[in-house]
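K.L.:
Here it is, the structure, as structure tokens.
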Amino acid sequence: MINTRNLIAAATLSLCTITGFAQQKIILGTEKLKKYVTYFNSIDTEAVKNYVPNAEAFTWLAGQIPLFECPDEVLEQNYYYRWWTYRKHLVKTPEGFIFTEFIEPVKHAGKYNSISCALGHHLYEGRWLKDNSYLQDYVKFWLYHADVGQTKQRFHQFSSWIDDAVYQNNLVKPDQEFLKEILPALDKDYTKWEAERKLKNGLFWQNDVKDGMEESISGSRKDQNQRPTINSYMYGNAIALSKIGKMLGNKTLVSKYNLKADSVKKLVQDSLWNPASAFFETRKAKGGHAEVREAIGFIPWDFNLPDDKATYAKAWDQLLDTAGFNAPWGLTTAERRNPTFRTRGSGHSCEWDGALWPFASSQTLKGLANLLTNYKQHGKMNASVFYAALHKFAASHTKNGKPYIGEYQDEKNGEWLKGDNPRSSFYNHSTFCDLIINNLVGIKPRTDNTLEIYPLIPKNQWDWFMLDNVSYHNKTLTVLWDKTGTKYNKGKGFLVFADGKVIFKGKDLKPIKVQLN
């Protein structure tokens, strides 16, 4: 009889040796990863094979991703499912590695089926891979290759928070030489956005479809509205460029982008905040607010834009309101009380007038996590609200009783509104694993040698969990909680390991800061 456990161990050891991680101290092991990958492979016809086919999925994932275990089987399975699907989208091209959005070729894509819409999501999710060269190739593709030989713009086909995502990636995998290499292109790209989309009043405009959010309540495919989306992205990009400038000792860049960020921040709060609805809203091209709350009003918190005031925090009350964004299957893209909620299109043509979109759900969850972590004014929000919304998001990843991630869903029954359209399968248009690592477990990347962890796991929710094999600042981290000490036999309480050595041990599961050795 073949000893599967030994085969798994041998495969993992072999891969670690190849990739230079032979000295890692992995506590959790890869048995669960193997179990999940075997299951996911068994339910997949694999109509499209890219760089890592299903047959090689376990070996590749074992060498690349953090391992996760928790009592919540819905979160745990979906964590591995999302890494398994993310891997499907890795494509090797003559111009380097890229990640696709659609698994099937689509007409509106550029070279190699590339689309920039979910670029920021791809970079946030992928920053936790061991090998950062995939993402570095991907960034350079968009900066230097995507528009070459094309009849129309591909990089600016959609709004982007690329500068922010590049900076956040660098916090996990520091590489100043890479930042120096691409900084001129990032700087030039920001200027290009200003030339294309900045109004005389200082705000940015965008068509709904160019935000990747067509058929919304607040606008249309052609209206040049001032939206919380692009303005929040440009704020986040300016902040990131300022921080990159500081990191590289470029005082001129720091000053330049601090001024830009301050300007956009003030304009968003002065012009896009609607006091009557207590919400950030789209401002119409002809003037005035759109007078509808949409999930895009939460995006300013994705970049910590709003001031820490109870006035702004009140917007989050709508997350709990069933007439707001709280629906049986998840968080809607528009408030359910609006008279035109879910009235556009056929229900199968990419409507953003209320249906559930993973793209928006992951943005809202990121914004909520930032509110709870970085702000003092939380309103009615707490870790239990975040956990419940994250769990519901994970539970929505299903179709016909099997794991699935598609484009968008009915908010009442979870029906995937693209039906069996093959383009919708394995839709790489959102984050999930990053929400587990960065927000639920709470690893908060920094520039210095301090490891900061801010868990959003509600008190008494779990008796144990482990996040293992996390590549961070050239070290391998393990974060575990063992209430009784009998689950992992590594000690009782909250423990953090770096390269196999304990660097923190505490009684309670709470925010910590500890120096990396």
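K.L.:
Cβ-Cβ distance below 8 Å, separation of 6 or more or different chains: which pairs start in region 149-162 with a residue that is over 10 Å from Cys117 (Cα atoms) and in contact (Cβ under 8 Å) with a residue 12 or more places away in the chain and end on one that is outside any loop (DSSP other than H, G, I, E, B) and small (Gly, Ala, Ser)?
P.N.:
From residues that are over 10 Å from Cys117 (Cα atoms) and in contact (Cβ under 8 Å) with a residue 12 or more places away in the chain, the pairs are Ile162/Gly120.
K.L.:
Is it true that some residue in region 486-496 is closer than 24 Å to Asn326 by Cα and not basic (Lys, Arg)?
P.N.:
Filtering region 486-496 for residues closer than 24 Å to Asn326 by Cα gives none.
No; the residues of region 486-496 include none that is closer than 24 Å to Asn326 by Cα and not basic (Lys, Arg).
K.L.:
Can you name every residue in region 155-209 that is part of a helix (DSSP H, G or I), farther than 26 Å from Thr476 by Cα, touching a helix residue (DSSP H, G or I) at 6+ places or on another chain (Cβ under 9 Å) and hydroxyl-bearing (Ser, Thr, Tyr)?
P.N.:
Residue satisfying the conditions is Tyr190 alone.
K.L.:
Being assigned to a helix (DSSP H, G or I) and either among the hydroxyl-bearing types (Ser, Thr, Tyr) or closer than 22 Å to Glu335 by Cβ (or both) is true for just one of Ser242, Ser220. Which residue is that? Reasoning before the result, please.
P.N.:
Numbers: Ser220 fails: assigned to a helix (DSSP H, G or I).
The conditions single out Ser242.
K.L.:
Which residues, taken from region 323-349, are modelled with pLDDT under 95 and either within 18 Å of Phe279 (Cβ to Cβ) or buried (at least 19 other Cβ atoms within 10 Å of the Cβ) (or both)?
P.N.:
Arg344
K.L.:
To continue, here is another question. Quick check on my filter: what residues within region 219-231 are touching a helix residue (DSSP H, G or I) at 6+ places or on another chain (Cβ under 8 Å) and at pLDDT 95 or above? Walk me through it before giving the result.
P.N.:
Residues of region 219-231 that are touching a helix residue (DSSP H, G or I) at 6+ places or on another chain (Cβ under 8 Å), as a first pass: 221, 226-231.
Gln226, Arg227, Pro228, Thr229, Ile230, Asn231, listed by residue number.
K.L.:
Between Lys192, Lys180, Lys188, which is in contact (Cβ under 8 Å) with a residue 40 or more places away in the chain and among the basic types (Lys, Arg)? Outline the logic, then answer.
P.N.:
Working: Lys192 fails: in contact (Cβ under 8 Å) with a residue 40 or more places away in the chain; Lys188 fails: in contact (Cβ under 8 Å) with a residue 40 or more places away in the chain.
Of Lys192, Lys180, Lys188, the one residue that is in contact (Cβ under 8 Å) with a residue 40 or more places away in the chain and among the basic types (Lys, Arg) is Lys180.
K.L.:
In the set Leu368, Leu372, which member is over 20 Å from Trp416 (Cβ atoms) and buried (at least 24 other Cβ atoms within 10 Å of the Cβ)?
P.N.:
Working: Leu372 fails: buried (at least 24 other Cβ atoms within 10 Å of the Cβ).
The conditions single out Leu368.
K.L.:
I need the full set of residues from region 343-357 which are of a type outside the set (Ser, Thr, Tyr) and closer than 20 Å to Ser218 by Cβ, in order please.
P.N.:
Pass one, region 343-357, residues of a type outside the set (Ser, Thr, Tyr): 344-345, 347-348, 350-357.
Passing the criteria: Arg344, Gly345, Gly347, Cys350, Glu351, Trp352, Asp353, Gly354, Ala355, Leu356, Trp357.
K.L.:
Right, next: What is the number of the single condition among (1) free of Cβ contacts under 8 Å to residues at least 60 places away in the same chain; (2) among the aromatic types (Phe, Trp, Tyr); (3) more than 24 Å from Tyr124 (Cβ to Cβ) that Trp416 does not meet?
P.N.:
Exception for Trp416: condition (3).
Residues checked against (1) within 22 Å of Tyr427 (Cα to Cα); (2) in a strand (DSSP E or B); (3) at pLDDT 95 or above:
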position: Ala9; (1), (2), (3): no, no, no
position: Thr45; (1), (2), (3): yes, no, yes
position: Ala55; (1), (2), (3): yes, no, yes
position: Thr59; (1), (2), (3): no, no, yes
position: Arg82; (1), (2), (3): yes, no, yes
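K.L.:
While we're on this one: Where residues in region 268-303 are in a loop (DSSP other than H, G, I, E, B) and among the polar types (S, T, N, Q), which of them is surrounded by the most Cβ atoms within 10 Å (Cβ to Cβ)?
P.N.:
Thr282
K.L.:
Any idea which of Gly297, Gly249, Gly236, Gly287 is closer than 26 Å to Lys200 by Cβ, of a type outside the set (Val, Ile, Thr) and free of Cβ contacts under 8 Å to residues at least 24 places away in the same chain?
P.N.:
Details: Gly297 fails: free of Cβ contacts under 8 Å to residues at least 24 places away in the same chain; Gly249 fails: closer than 26 Å to Lys200 by Cβ; Gly236 fails: free of Cβ contacts under 8 Å to residues at least 24 places away in the same chain.
Among Gly297, Gly249, Gly236, Gly287, only Gly287 is closer than 26 Å to Lys200 by Cβ, of a type outside the set (Val, Ile, Thr) and free of Cβ contacts under 8 Å to residues at least 24 places away in the same chain.
K.L.:
Could you please find all residues in region 30-68 being touching a residue at least 60 places away in the same chain (Cβ under 8 Å) and surrounded by 19 or more Cβ atoms within 10 Å (Cβ to Cβ)? Let's see the steps before the verdict.
P.N.:
Let us first name the residues in region 30-68 that are touching a residue at least 60 places away in the same chain (Cβ under 8 Å), namely 40, 43, 47, 63-68.
If the condition is that a residue be touching a residue at least 60 places away in the same chain (Cβ under 8 Å) and surrounded by 19 or more Cβ atoms within 10 Å (Cβ to Cβ), then Phe40, Gly63, Gln64, Ile65, Pro66, Leu67, Phe68 are the ones that fit.
K.L.:
So which residues in region 354-374 are aliphatic (A, V, I, L, M) and outside any helix (DSSP H, G or I)?
P.N.:
Taking region 354-374 as the starting set, the residues that turn out to be aliphatic (A, V, I, L, M) are 355-356, 360, 365, 368-369, 371-372.
If the condition is that a residue be aliphatic (A, V, I, L, M) and outside any helix (DSSP H, G or I), then Ala355, Leu356 are the ones that fit.
The values are calculated or read from the model by the stated rules, or taken from the named source; none is laboratory data. These numbers come from a predicted model, not from an experiment. So basically every Cβ, Gly included, is an ideal-geometry build from the backbone, and we count neighbours across all protein chains shown.
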